[in-house]
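Undergrad: One structure is given below, represented as structure tokens, and several questions about it will come after.
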Amino acid sequence: MEYLKLSNDVRMPVMGLGTFLMSPAEAEAAATAALAAGYEHIDTANAYMNERAVGRAIAKSGIAREKIFVSTKLWPSVYKAGDAAVDSTLARLGLDYVDMLILHQPVGDYLAAWETMERAYRAGKVRALGLSNFPQDKIAEVIERAEVAPQLVTVECHPYHQQRDLRAYLEPYGTVIEAWYPLGHGDAGLQQEGVFQRLAEKYGKSAAQVILRWHTQMGTSVIPGSKNPAHIADNADIFDFALTDGEMAEIARLDGTKQYYKANKAQLLGYLATRPNFDAQD
Ligand SMILES: NC(=O)c1ccc[n+]([C@@H]2O[C@H](COP(=O)([O-])OP(=O)(O)OC[C@H]3O[C@@H](n4cnc5c(N)ncnc54)[C@H](OP(=O)(O)O)[C@@H]3O)[C@@H](O)[C@H]2O)c1
């Protein structure tokens, strides 16, 4: 495993398991397989409706709590709930604290929600704070108002959409970028790109492993999602080879090919209006 140092000196394992679109049973099985394969970092969210399952996998792993970096996200419909939003998230996970707490979407009263997260941070319920899907102007708005600046920003990021502008903007703050959709949400075309096929052959790795290595060499955190125990193990086995500067430059040329997700204003307002009962999960 390799680690990133967040701006508040918290050590974050550079790769972890993503659990988006997993049922509770799938998330529990995937997190169990990941922890058995040596993962030290699991990502979930209120909206994935699998926080309880992730908590069960952590509890039954027998691994010491401080050896697992747990990340979750508050959904916009709970931004107004204040401290209760954090406390119910912790209760579902069965944890006293999380390592990373993230505002999931830039809609609703996210500034008040940021203050809620700062309170949780000061109370020791959270070790670091992040933003998800926030465009640069809204990140700037949070930084301007914050007492605790975001230690992490998570956004769609992969070789087809490399987030160069955001990287340059965040650099002075020491804010880490975490890539969601690090493998292009499983887009076979991405893995079949000639450069990845060639480098996979050269290093005796899969194309997915080469892509994940590219991310981590860029200093980006990755949370690939997988329900397949073989893929889960492979995705952590990326630290015994290094791409050359020339190979990194070749991959850089794929930037701008494709962005898979872009929420418009109506979608964002829809997120705010959706009020799932997060406690109603297995
Ligand atoms: N903050 C946000 O708004 C946001 C949005 C989306 C996602 N996320 C987070 O980011 C995580 C990753 O996103 P994602 O899971 O949607 O996409 P992804 O990690 O880019 O891709 C997942 C897909 O890749 C396949 N895969 C994984 N490892 C592989 C390997 N070694 N070889 C070949 N195929 C492989 C998986 O299939 P198998 O199951 O068959 O392995 C799955 O279909 C999520 O789980 C979630 O935690 C956050």
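Undergrad: Of the candidates TYR261, TYR48, TYR121, which one comes out as most mobile in a Gaussian network treatment of the chain with C-alpha springs shorter than 10 Å?
TA: TYR261
Undergrad: For ARG119, ARG127, ARG213, ARG275, which order do you get if you count the other beta carbons within 10 Å of each Cβ and list the fewest first? It would help to have the intermediate numbers written out before the result.
TA: Numbers: ARG119 16, ARG127 19, ARG213 24, ARG275 10.
Going from sparsest to densest Cβ surroundings: ARG275, ARG119, ARG127, ARG213.
Undergrad: Defining a contact as two alpha carbons under 8 Å apart and six or more residues distant in sequence, what relative contact order in percent does the range 62-101 show? Walk me through the intermediate numbers first.
TA: Numbers: 22 pairs, mean separation 22.1, N = 40.
Relative contact order of the range 62-101: 55 percent.
Undergrad: Follow-up question, since we're still on this one. If you fit an axis through the alpha-carbon atoms of helix 83-93 and take the longest principal axis of the Cα set of the chain, what angle between them do you get, 0 to 90°, nearest 10?
TA: Approximately 50 degrees, to the nearest ten.
Undergrad: Where the only charges are on Cβ atoms (+1 Lys, Arg; -1 Asp, Glu), what is the dipole of the chain about its Cα centre, to the nearest 20 debye?
TA: In total the dipole reaches around 340 debye.
Undergrad: Let me ask something additional. If we count other beta carbons within 10 Å of each Cβ, what is the order of LEU129, LEU101, fewest first?
TA: LEU129, LEU101
Undergrad: Which residues make up the longest stretch of the chain clear of GluC sites (Glu not before Pro) that lie in a DSSP loop with no more than 16 other Cβ atoms within 10 Å, not counting the sites?
TA: Longest run free of exposed loop sites: 3-146.
Undergrad: If you don't mind, another one. Which one of LEU111, ALA36, PHE134 is farthest out on the positive end of the charge dipole of the range 1-138, using unit charges on Cβ (Lys, Arg +1; Asp, Glu -1) and the Cα centre as origin?
TA: Result: ALA36, furthest along the dipole toward the positive end.
Undergrad: A follow-up question, please. Mind listing the long-range amide H neighbours of TRP180? Cut-off is under 5 Å, sequence gap 5 or more, other chains count too, H placed in the peptide plane at 1.01 Å from N.
TA: So TRP180 has HN proximity to VAL155, GLU156, CYS157.
Undergrad: A follow-up question, please. On a 0 to 90° scale, report how tilted helix 110-122 is relative to the longest principal axis of the chain, with both axes built from alpha carbons and the result rounded to the nearest 10.
TA: Between the helix axis and the principal axis of the chain, the angle is about 90 degrees.
Undergrad: Still on this structure, please answer the following. Placing unit charges on C-beta atoms (Lys and Arg positive, Asp and Glu negative, everything else neutral), compute the dipole magnitude of the range 76-183 about its Cα centre in debye, rounded to 20.
TA: Roughly 160 debye for the range 76-183.
FYI, it's all coordinate maths here, none of it is from the lab. Every value quoted in this text rests on a predicted model; they were computed, and no experiment measured them. Quick reminder, even Gly has a Cβ in these numbers, built from the backbone with ideal geometry, and neighbours come from all protein chains shown.
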